[in-house]
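A.B. asks: Okay, handing you the structure first.
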Amino acid sequence: KYLIMASAENVVLNVEMTCGGCSGAVTRILSKLPGVAEVNASLEEQKVYITVGEDAPPPEEMLAALEKWSKASNKAISLAE
């Protein structure tokens, strides 16, 4: 059975990732946020696709959640256009 969220939206972040460790860390961090249904990190595209529900924080707060990892790993993060 699948739960389909009628109000689901997608958020895309540009995240500099060089390995599976990077994508795993980003996925773990974002998955802990309320309202985040699914996180797909693409090393090839250097993007993270996040499926969110109504109670999810705004994209800026998602970036803020990645800020500590970004600084520690010296990787760039931004909102995708």
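A.B. asks: Return the long-range amide H neighbours of LYS47 (sequence gap of 5 or more, or a different chain), with a cut-off of under 5 Å between placed amide H atoms.
C.D. replies: Here VAL15, SER42 satisfy the definition.
A.B. asks: I've got another one for you. What is the angle, in °, between the Cα long axis of helix 59-73 and the longest principal axis of the Cα atoms in the chain? Nearest 10 is fine, range 0 to 90.
C.D. replies: 30 degrees
A.B. asks: Per 0.36 nm of contour for each residue apart, how much would the distance between ALA64 and GLU38 grow if the chain were fully extended, relative to their Cα-Cα spacing?
C.D. replies: Values: separation 26, 0.36 × 26 = 9.36 nm, distance 1.81 nm.
Separation in residues times 0.36 nm, less the Cα-Cα distance, equals 7.6 nm.
A.B. asks: Something else now. Heavy-atom accessible area of SER31 with all protein chains present, probe 1.4 Å, nearest 10 Å²?
C.D. replies: Solvent-accessible area, nearest 10 Å²: 60 Å².
A.B. asks: With every protein chain left in place, what is the accessible area of GLU16 in Å² (1.4 Å probe, nearest 10)?
C.D. replies: Rounded to the nearest 10, the figure is 80 Å².
A.B. asks: Calculate what fraction, in whole %, of the accessible area of the chain sits on carbon and sulfur atoms when a 1.4 Å probe is rolled over the protein chains.
C.D. replies: Working: 2740 of 5230 Å².
Reported share for carbon and sulfur atoms: 52 percent.
The values are calculated or read from the model by the stated rules, or taken from the named source; none is laboratory data. Computed from a predicted structure; not experimentally measured. For accessibility, only protein heavy atoms count, side chains too; no ligands or nucleic acids. Shrake-Rupley method; radii C 1.70, N 1.55, O 1.52, S 1.80 Å.
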